[in-house]
Amino acid sequence: MTQVVLTIAAVLFALGIYGVTTRRNAIGILLSVELMANAVNLNLIAFAQTLGSDGQTFALFSIALTVAEVVVGLALVVLLYRTRKGIDIDLASDLRS
Amino acid sequence: MTTAATLGLVAVLGPLVVALLLAVNGPVRRTGVGAGALSVLAAIANLVAALMLANSWWGEHELVDSTEWVWLIANGETIATVGVTIDGISASMLAVVAVVALCVQVFSWSYLSDEPKADFGRYYMWQSLFLFSMNALVLAPNLLQLFMAWELVGVCSYLLIGYWYTKPSAAKAAVKAFWMTKLADMGLMIGLIIQYRVTGGFGFHEADAVALGASVGVVTFCYFIAVMGKSAQFPLHIWLPDAMEGPTPVSALLHAATMVAAGVYLMVRGWPLFDLAEDTRLFMALIGGTTAIFAASVAIVQTDIKKVLAYSTSSQLGYMVAALGAGDMIAGYYHLTTHAFFKALLFLAAGSVIHAVHSNELSNMGGLAKKMPLTAGTFIIGTLALTGTPGFAGFFSKDLVLEALLHGAERNPVLWIPLACCLIAAGLTSYYMFKVVFLAFFGEPSEAAGHAHEGGIALSAPLVLLAVLSIGAGIPVMGALTSQWGHEAHFHVSPIGLAGTSAMLLGLGAAVQLHYRGGSLPGVAALAPVGNIARSEAVDKAWRVAYKQGLRTLAAGVSWFDRYVIDGLVNLSGVALLLGAGRLRAVQTGKGGDYVYAVLLGVIVLAAWTAVVSA
Amino acid sequence: MIALALLSGVMLSSALMVVRSLNLVHSVLWLAVTLISTAGIFVILGAPFLAGIQLMLYTGGIITLMLFGVMLTGKQTGIEIPNTSDGQLAGAGAALAFLAPTLYAIWSVDDFGPALGPVDAKVLGTAFLGPHLIAFEALSVLLLAAMIGAIVLVRRKDP
């Protein structure tokens, strides 16, 4: 049972990686990050099933942190949109020499 | 804590508290009088503590108490401690310092009363700092604390010589004193490092001397180099006459009674070490004898009353060093204490004269005995003590020094040289001191001396006290020395004592003939070339050349090395970094996806690493 | 087990749509489906309270996301917002490079032990206000900081 759930979570996480690396617009990336966070929460709860309720407590913290991350991430997206007139992250490539 | 340690701490910390208070509290310092009052109060407390200590333990052979606190720790091992050590020597030295310091601080009150208030406060701040440093030096439980205090008194000396720092000559003299003593202090530092490497400590007791083994000679020689700088021994004495640019009370305290005696005190303190170092002591005796006669000869041709006294100080310190070199610690130390009193007295009396005539030159004085009878009387008492007139303090201590050299010469014939030097120097001392007395206090008054008058109570009280001590430190202390230290103290008429007294009388006779009667002596004209040599400041010139040629060349070499080798290496690494960074910046693509790949790669590498490690 | 298979099937296929859809609004909606089915899996795994939290909190977050997605699409501002992908092969390679060792690690463990029963919300509440109180308070400060940070970031320079 646990192994099955962990496998599902791993696949979900891999999909998140695929999304983060391929998506071009910032909101798409943010959605993929959400997928990965969700996979992590799934893992935590799967472990909580055999190891005790602390895993669930941890998952709660994780959810709250994800919310905070979304808030700041979206703020950055808005800023990007405002300064670059678009949300394609390749617009923000000032770091390139 | 024992009573002894508590009293010692009071003596050390009282002046420190005042100095720090005046240093951080500008408004109090700028009141001038308030700062002075605080400083004098600390000096009084210090005197009370010192007298209580000296009264109980001044003749004590054994260690009374040594209270120490851990200071430096490395690898769980204590490297050094700080604290206070009370025994016969430190207790008596503390009392000498305390008496002279209080006298000088009281004297300064009147002497510097015309100064601006802020400068007055600054002066007393440094006086307190000096008193703290000197007490810390005297009570040091090991040579490392002594070294720190040694440097601190050096700093105070620099600051006080340069008290009138707007005067170029004073600023120059301060720097010169600092340079010369620092140069010599390298010896103390190197000696301490060697001693620590060999014994693992900085102690100065018999056990430490034994632990040093064969290196005791090297270590004591290094220490003696520092002593030569601090105690103005030939050829490192050249800073002392220039140090007279400071206020006269400063000269009395630092450059006559206490700080310059710190060098001799270091040898007294570290006597167990020096006692074992036969070769170092022979060198000491020769240097001491040379200094005694050389400085006395130069003193003869000086026309500045303070410079006469400065060379005289150098000469008398030569006596002490010679006595220690001959192996008699008590003789050297006893001469140190008596000298502290009568030389401080002479300087303060000279200060009183300078205060009255506003000049250091002997030609601006004359006939002052009628105008300033108290100053003249005390100056003459000081002169009698310095020249070793029977009955005065200097007679007994100088006699002990000569005896010590005589005993030494019986064992080692080389010591006849310093003995002869000291005997001749005794005659010269007598001549130049009485010359000063006759020129300053008798004969026709100069224009400036015409309206001179005696200073107030603050000027005269210290003079009287020190005059009493210049007489009193003679017979009573001599008796006590015999009983307490079991030292062979002679009251009987000995050949060497007679020789010393005859030399003194000869000098007196010459002075009377030449400067009181205004007559002439056969052969004086023949001595003119010698006088010219003495005036020529040959040693100063030699040092100047050494400084210009040696030090500047060395500095130029170091500068070249720094500019082209050290800086070159730094520049090279900078250039290498710039080139490398130019290549590396291509890694930064600015594309979000690439960074995600990099993070992922990092995660996988870490996971693989963990797998490999746990497998 | 059947319920788990169903829910995970829905979850994974909707997740695939999230990363593949060409329409941003669709992506957002597929994410909502993914999250809701995850909540279902939470119930199966004995975490009913967390399932509730997942629905309430994430739905709120998703709605916000969606609103922004819609707001920023071309209809209102005239700027076209594309939802394209590039480097699919590299992305898939990266995902597989992660997946393969992870699956190997998961399946090399013999037994994770017996499953415990469902966890009561009371237990979680006690844990929050008991042993994890300081972490809980720190989290609230973090949320506040995130909120302030977001406001500062998006504030217009001219008032």
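What tally of residues in the range C:91-148 results from selecting those that are within 30 Å of B:ALA608 (Cα to Cα), aromatic (Phe, Trp, Tyr) and more than 7 Å from every other protein chain (Cβ to nearest Cβ)?
1
Give the residues of the range C:45-64 that are modelled with pLDDT of 90 or more and either more than 23 Å from C:PHE128 (Cβ to Cβ) or touching a strand residue (DSSP E or B) at 6+ places or on another chain (Cβ under 7 Å) (or both), sorted by residue number.
The answer is none; no residue qualifies.
Listed here are the residues, each with its yes/no results for (1) small (Gly, Ala, Ser); (2) part of a helix (DSSP H, G or I); (3) open to solvent by less than 10 Å² (accessible area, probe 1.4 Å); (4) within 21 Å of C:VAL19 (Cβ to Cβ).
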{"position": "A:ILE29", "(1), (2), (3), (4)": "no, yes, no, yes"}
{"position": "A:SER32", "(1), (2), (3), (4)": "yes, yes, yes, yes"}
{"position": "A:LEU35", "(1), (2), (3), (4)": "no, yes, yes, yes"}
{"position": "A:LEU42", "(1), (2), (3), (4)": "no, yes, yes, yes"}
{"position": "A:GLN49", "(1), (2), (3), (4)": "no, yes, no, no"}
{"position": "A:GLN56", "(1), (2), (3), (4)": "no, yes, yes, no"}
{"position": "A:LEU60", "(1), (2), (3), (4)": "no, yes, no, no"}
{"position": "A:ALA64", "(1), (2), (3), (4)": "yes, yes, no, no"}
{"position": "A:GLU69", "(1), (2), (3), (4)": "no, yes, no, yes"}
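Could you go through the range B:193-206 and let me know if any residue there is over 30 Å from B:LYS306 (Cα atoms), part of a helix (DSSP H, G or I), of a type in the set (Phe, Trp, Tyr) and in contact with a helix residue (DSSP H, G or I) (Cβ under 7 Å, 6 or more places away or on another chain).
No - not one qualifying residue is present in the range B:193-206.
For the range C:108-124, enumerate the residues that are surrounded by 10 or more Cβ atoms within 10 Å (Cβ to Cβ) and either farther than 27 Å from C:ALA51 by Cβ or in contact (Cβ under 8 Å) with a residue 12 or more places away in the chain (or both).
Across the range C:108-124, the qualifying residues are C:ALA115, C:LEU116, C:PRO118, C:VAL119, C:ASP120, C:ALA121, C:LEU124.
For the range C:29-52, how many residues are in contact with a Leu (Cβ under 8 Å, 6 or more places away or on another chain), farther than 15 Å from A:LEU44 by Cβ and more than 9 Å from every other protein chain (Cβ to nearest Cβ)?
3
Among the residues of the range A:71-80, how many are at the interface with another protein chain (Cβ under 8 Å from one of its Cβ atoms) and open to solvent by less than 20 Å² (accessible area, probe 1.4 Å)?
Applying the first criterion (at the interface with another protein chain (Cβ under 8 Å from one of its Cβ atoms)) to the range A:71-80 yields A:71-72, A:74-79.
From what's left, open to solvent by less than 20 Å² (accessible area, probe 1.4 Å): A:74-75, A:77.
Selection size over the range A:71-80: 3.
So if I check each of B:LEU152, B:LEU192, which one is open to solvent by less than 10 Å² (accessible area, probe 1.4 Å), modelled with pLDDT of 90 or more and out of contact with any Pro (no Cβ under 6 Å at 6 or more places or on another chain)?
Details: B:LEU152 fails: open to solvent by less than 10 Å² (accessible area, probe 1.4 Å).
None of the others qualify; the one that does is B:LEU192.
Would you check if A:ASP94 is within 13 Å of chain B (Cβ to nearest Cβ), among the charged types (D, E, K, R), in a helix (DSSP H, G or I) and open to solvent by 40 Å² or more (accessible area, probe 1.4 Å)? Working first, answer last.
Details: within 13 Å of chain B (Cβ to nearest Cβ): yes; among the charged types (D, E, K, R): yes; in a helix (DSSP H, G or I): no; open to solvent by 40 Å² or more (accessible area, probe 1.4 Å): yes.
Criteria not met by A:ASP94.
Kindly indicate which of B:VAL264, B:VAL175 is within 21 Å of B:ALA149 (Cβ to Cβ), of a type in the set (A, V, I, L, M, F, W, C) and in a helix (DSSP H, G or I).
On the way: B:VAL175 fails: within 21 Å of B:ALA149 (Cβ to Cβ).
Checking each option against the conditions leaves just B:VAL264.
Report the residue count in the range A:40-69 for those that are in contact with a Gly (Cβ under 8 Å, 6 or more places away or on another chain) and within 14 Å of chain B (Cβ to nearest Cβ).
Counting residues in the range A:40-69 that are in contact with a Gly (Cβ under 8 Å, 6 or more places away or on another chain) and within 14 Å of chain B (Cβ to nearest Cβ) gives 0.
Those residues that are surrounded by 11 or more Cβ atoms within 10 Å (Cβ to Cβ) and either basic (Lys, Arg) or more than 13 Å from chain A (Cβ to nearest Cβ) (or both), I need them from the range B:596-615; list them, please.
Answer for the range B:596-615, where residues must be surrounded by 11 or more Cβ atoms within 10 Å (Cβ to Cβ) and either basic (Lys, Arg) or more than 13 Å from chain A (Cβ to nearest Cβ) (or both): B:ALA608, B:ALA611.
Does the range B:575-589 contain at least one residue that is outside any helix (DSSP H, G or I) and either within 11 Å of another protein chain (Cβ to nearest Cβ) or over 30 Å from A:ILE27 (Cβ atoms) (or both)?
yes
Return a yes/no flag: does the range B:46-66 have any residue that is open to solvent by 10 Å² or more (accessible area, probe 1.4 Å), in contact with a Pro (Cβ under 8 Å, 6 or more places away or on another chain) and within 22 Å of B:ARG269 (Cβ to Cβ).
yes
Report, by residue number, each residue of the range A:70-84 that is under 19 Å from A:MET36 (Cα atoms) and in contact with a Gly (Cβ under 9 Å, 6 or more places away or on another chain).
Passing the criteria: A:VAL70, A:VAL71, A:VAL72.
Considering only the range B:260-293, state which residues are of a type in the set (S, T, N, Q) and open to solvent by less than 10 Å² (accessible area, probe 1.4 Å).
Within the range B:260-293, B:THR280, B:THR291 meet the criteria.
Which number in (1) more than 7 Å from every other protein chain (Cβ to nearest Cβ); (2) polar (S, T, N, Q); (3) within 28 Å of C:LEU103 (Cα to Cα) marks the one condition that A:THR83 misses?
Result: A:THR83 passes all but (3).
How many of the residues in the range B:590-605 are assigned to a helix (DSSP H, G or I) and more than 18 Å from C:LEU96 (Cβ to Cβ)?
Matching residues across the range B:590-605 total 3.
Give me the helices (runs of 4 or more DSSP H) completely within the range B:1-118, filtered to those with at least 2 residues that are hydrophobic (A, V, I, L, M, F, W, C) and without any contact (Cβ under 8 Å) to a residue 24 or more places away in the chain, ordered by residue number.
Numbers: elements: B:3-24, B:26-30, B:33-57, B:88-111.
The helices (runs of 4 or more DSSP H) meeting that bar are B:3-24, B:33-57.
Kindly check whether there is at least one residue in the range B:300-316 that is within 12 Å of the chain's Cα centre (by Cα) and in a helix (DSSP H, G or I).
yes
Considering every residue within the range B:350-372, establish whether at least one is open to solvent by less than 10 Å² (accessible area, probe 1.4 Å), within 23 Å of the chain's Cα centre (by Cα) and among the hydrophobic types (A, V, I, L, M, F, W, C).
yes
Hey, can you tell me all the residues within the range C:1-36 that are open to solvent by less than 50 Å² (accessible area, probe 1.4 Å) and not in a helix (DSSP H, G or I)?
C:SER21
Residues are listed down the side, and each one gets a yes or a no for (1) hydrophobic (A, V, I, L, M, F, W, C); (2) open to solvent by less than 80 Å² (accessible area, probe 1.4 Å); (3) away from chain A (no Cβ under 14 Å); (4) in contact with a strand residue (DSSP E or B) (Cβ under 8 Å, 6 or more places away or on another chain):
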{"site": "B:HIS515", "(1), (2), (3), (4)": "no, yes, yes, no"}
{"site": "B:ASN532", "(1), (2), (3), (4)": "no, no, yes, no"}
{"site": "B:VAL539", "(1), (2), (3), (4)": "yes, yes, yes, no"}
{"site": "B:ARG552", "(1), (2), (3), (4)": "no, no, yes, no"}
{"site": "B:ALA556", "(1), (2), (3), (4)": "yes, yes, yes, no"}
{"site": "B:PHE561", "(1), (2), (3), (4)": "yes, no, yes, no"}
{"site": "B:ILE566", "(1), (2), (3), (4)": "yes, yes, yes, no"}
{"site": "B:VAL570", "(1), (2), (3), (4)": "yes, no, yes, no"}
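With respect to B:ALA322, is the statement that it is among the aliphatic types (A, V, I, L, M), modelled with pLDDT of 90 or more and out of contact with any His (no Cβ under 6 Å at 6 or more places or on another chain) true?
The answer is yes for B:ALA322.
Taking helices (runs of 4 or more DSSP H) that do not extend beyond the range B:382-472, which have at least 2 residues that are surrounded by 23 or more Cβ atoms within 10 Å (Cβ to Cβ) and of a type in the set (Ser, Thr, Tyr)?
The helices (runs of 4 or more DSSP H) meeting that bar are B:416-441.
Under 7 Å between Cβ atoms, at least 6 apart or on separate chains: pull out the pairs that start in the range A:10-35 with a residue that is facing chain C (nearest Cβ under 7 Å) and end on any residue that is charged (D, E, K, R).
Matching pairs, first to second residue: A:THR22/C:ASP86; A:ARG24/A:ASP88; A:ARG24/A:ASP90; A:ARG24/C:ASP86; A:ASN25/A:ASP88; A:SER32/A:ARG23.
The values are calculated or read from the model by the stated rules, or taken from the named source; none is laboratory data. Since the model is a prediction, treat every value here as computed from it, not as a measurement. Please note: Cβ atoms are built from the backbone with ideal geometry, for glycine as well, and neighbour counts cover all protein chains shown. Protein only, heavy atoms only, side chains kept; ligands, DNA and RNA dropped before computing areas. Shrake-Rupley method; radii C 1.70, N 1.55, O 1.52, S 1.80 Å.
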